[in-house]
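Reading through the structure tokens given below for one structure.
The values are calculated or read from the model by the stated rules, or taken from the named source; none is laboratory data. Small disclaimer: the values here were computed from a predicted structure and weren't measured. Please note: Cβ atoms are built from the backbone with ideal geometry, for glycine as well, and neighbour counts cover all protein chains shown. Accessible surface areas use protein heavy atoms only, side chains included; no ligands, DNA or RNA. Shrake-Rupley method; radii C 1.70, N 1.55, O 1.52, S 1.80 Å.
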Amino acid sequence: MLTLTSTQWNMVYNVFSFGLISMLACTVYTLVSQNRVLPKYRNALVISSMVTFIAGYHYIRIFNSFAEASDGFNVSTSGAGSFNEAYRYVDWLLTVPLLLVELVAVLALAKAASSSLIGRLVPAAIAMIALGYPGEIATENSTKILFGVLSTIPFLYILYVLYVELGKSLERQPEGVAATVGRLRLLLIASWGVYPISYLFPLLNITGTDAFLYRQVGYSIADVVAKCVFGLTILKIARMKSVAEGMKDDH
Ligand code: RET
């Protein structure tokens, strides 16, 4: 049981609300923007809509779970009816592989090159999340460290593939697009970095109500950056490439 102050409780409540509406609004925007890009880039936008739609659903569940686990400003964190954080991992299991597919899709590489990238990034993303979960729910520090290390291996592999392999394909992108994709990669690293840092909190003895607040606020902001801002940047890249390939720049 965590006894939050009214300010802490309201901040968590409001940040979930912010996360939820950001996901929904972003889903609508990327869906209605389909016709603003050439057909070959539309799949990247469809995937972005899917990602934010899935996340919107999970934010509804997280939001309700927080309200149901609360008795006044007391939040139950273990046992029946407690605040359920597993929704986040279920969400990541679905959305993290999709975010990587979205990134590869917008580059519109040759079929073999994109299949090869997806074939390595997707299994690594699934392994990273699946290995992190047992550590997240463990109470023993040794178990947390073991699964934390195991999960970091695919994480580093993903960063390697994004930097080295994707870097090579960037050289063939039109002027301006390469710079935007470079910024997108930075945005990805900065937002994805929040999750392993937050995982470390209990290991560093950062616990209690402040830790709970930082974690929920940090995750929610990172989610909006990693999914919404990311999706809007994907749309921008798709627009730039469509215009570079002859689409009229009037809508
Ligand atoms: C875990 C366990 C500890 C080690 C590492 C982790 C990485 C998690 C990441 C999650 C990304 C989530 C995203 C969500 C989208 O909105 C599982 C915390 C490395 C990178 C992008």
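Of all the numbered requirements in (1) at pLDDT 95 or above; (2) within 16 Å of the chain's Cα centre (by Cα), L162 misses one, and that requirement is (1). Restricting region 90-128 to residues that are in contact (Cβ under 8 Å) with a residue 40 or more places away in the chain and outside any helix (DSSP H, G or I) leaves a set whose member that is farthest from G167 (Cα to Cα) is A108.
In region 87-104, of all residues being touching a Phe, Trp or Tyr at 6+ places or on another chain (Cβ under 9 Å) and open to solvent by 30 Å² or more (accessible area, probe 1.4 Å), the one that is farthest from the ligand (Cβ to nearest atom) corresponds to Y87. Taking the stated definitions as given, is F230 within 14 Å of the chain's Cα centre (by Cα), within 14 Å of the ligand (Cβ to nearest atom) and aromatic (F, W, Y)? In short, yes. Only one of the numbered conditions (1) near the ligand (Cβ under 10 Å from one of its atoms); (2) open to solvent by 60 Å² or more (accessible area, probe 1.4 Å); (3) within 26 Å of S48 (Cα to Cα) is violated by E171, and that is (1). Which residue pairs have Cβ atoms closer than 7 Å, lie 6 or more positions apart in sequence or on different chains, and pair a first residue in region 57-81 that is open to solvent by 50 Å² or more (accessible area, probe 1.4 Å) with a second residue that is assigned to a helix (DSSP H, G or I) and not small (G, A, S)? Correct list of pairs: I60/L20; R61/Y87; F73/W9; G81/E68.
How many residues does region 23-73 contain that are of a type in the set (G, A, S) and touching a strand residue (DSSP E or B) at 6+ places or on another chain (Cβ under 7 Å)?
As a first pass, look at region 23-73 and keep what is of a type in the set (G, A, S): 25, 33, 44, 48-49, 55-56, 65, 67, 69-70, 72.
In the following step, the residues that additionally are touching a strand residue (DSSP E or B) at 6+ places or on another chain (Cβ under 7 Å) were identified as 69.
Here the count works out to 1.
Among the residues of region 193-225, those that are near the ligand (Cβ under 9 Å from one of its atoms) and hydroxyl-bearing (S, T, Y) comprise Y195, S198, Y199, Y219.
Based on what the data block shows, is L213 out of contact with any helix residue (DSSP H, G or I) (no Cβ under 6 Å at 6 or more places or on another chain) and not aromatic (F, W, Y)?
Against the criterion (out of contact with any helix residue (DSSP H, G or I) (no Cβ under 6 Å at 6 or more places or on another chain) and not aromatic (F, W, Y)), L213 does not qualify.
Checking each residue in region 179-211 for being touching a residue at least 40 places away in the same chain (Cβ under 8 Å) and open to solvent by less than 20 Å² (accessible area, probe 1.4 Å) picks out T180, V181, L184, L188. Can you tell me which residues in region 105-162 are away from the ligand (no atom under 14 Å from the Cβ) and open to solvent by 50 Å² or more (accessible area, probe 1.4 Å)? Matches in region 105-162: A110, K111, A112, S115, S116, I118, R120, P123, T139, E140, S142.
Every test in (1) more than 16 Å from the ligand (Cβ to nearest atom); (2) at pLDDT 90 or above is passed by A190 save one, and that test is (1).
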